[in-house]
Amino acid sequence: MLWGGGTVEEEEEKSRIDALEFRKVIVELNNLAGTPNVSDFFPVLRCFDIQGIERQATAHSAWLDRKIDLVFDHRKKLKDKDLLLQTCQSKKKRKDFVQILLELMEQKDGETQITRTQFKALFMDIIMGGTDATSTALEWVMTEMMQHPEIMKRVQAELDQVVGTNNTVEESQ
């Protein structure tokens, strides 16, 4: 949703990010952020990184940073070639988040112009916040429904009515 997915086929394949690996890194970063770190309680031990949390977080962040660079460079190249505009016009698509950020980077006034570092920070914030918040909310909803079987039956009936049995849920539903 952040960077679309409806670009030129060959170029998209070159810059494609493996969704499973991406998800794994995001989950691991969220887990590391929530892990109690001895260095937080005893700052004098920070240089030792006793639990390896800083080392792991740095490695995962560097991986994610490279992937964001891939998306940025790919979309910048398409924008420079005007391929993105043609693709959006031919498929009547709306601008995605990356396109909007790229346009903000090209602004000439100091108020709305953003830097590449700000682009990456915004991108990372939305990825990290959106990923964990959604999965946590779903986990809580499922737990609550297990505690209230009458509500679960109503939800199942509504899903059967709207989606049907053996069908995949679509975003529009």
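Some observations on this one:
- Set Gln89, Gln99: member being over 22 Å from Ala19 (Cβ atoms) and either acidic (Asp, Glu) or modelled with pLDDT under 85 (or both): Gln89
- A count restricted to region 113-135 and to residues that are assigned to a loop (DSSP other than H, G, I, E, B) and loosely packed, with under 11 Cβ neighbours inside 10 Å stands at 1.
- Against the criterion of being out of contact with any Gly (no Cβ under 9 Å at 6 or more places or on another chain), among the small types (Gly, Ala, Ser) and over 28 Å from Glu28 (Cβ atoms), Ser172 qualifies.
- All of Val44, Val38 fail the test of being out of contact with any helix residue (DSSP H, G or I) (no Cβ under 8 Å at 6 or more places or on another chain) and either at pLDDT 90 or above or surrounded by 11 or more Cβ atoms within 10 Å (Cβ to Cβ) (or both), apart from Val44.
- Residue match in region 136-146 (condition: under 22 Å from Ala19 (Cα atoms), open to solvent by less than 60 Å² (accessible area, probe 1.4 Å) and not in a loop (DSSP other than H, G, I, E, B)): yes
- Residue in region 1-8 that is modelled with pLDDT of 85 or more, among the small types (Gly, Ala, Ser) and within 26 Å of Ala133 (Cβ to Cβ) present: no
- Within region 142-166, residues that are free of Cβ contacts under 8 Å to residues at least 24 places away in the same chain reach partners that are open to solvent by 60 Å² or more (accessible area, probe 1.4 Å) and not in a helix (DSSP H, G or I) with beta carbons closer than 7 Å, at six or more positions or on different chains, in the pairs Val162/Gln173; Val163/Val169; Val163/Gln173.
- Just so you know, in region 47-85 the residues that are within 20 Å of Glu103 (Cβ to Cβ) and of a type in the set (Lys, Arg) include one that is surrounded by the most Cβ atoms within 10 Å (Cβ to Cβ), and it is Arg75.
- Failed item, numbered, when Ser172 is tested on (1) open to solvent by 100 Å² or more (accessible area, probe 1.4 Å); (2) modelled with pLDDT of 90 or more: (2)
The values are calculated or read from the model by the stated rules, or taken from the named source; none is laboratory data. In this text the structure is predicted, and so the values were computed from the model without any measurement. Positions of Cβ are generated from backbone atoms using ideal geometry, with glycine treated the same way; all protein chains shown enter the neighbour counts. Areas reflect the complete protein model, heavy atoms only, side chains present, ligands, DNA and RNA absent. Shrake-Rupley method; radii C 1.70, N 1.55, O 1.52, S 1.80 Å.
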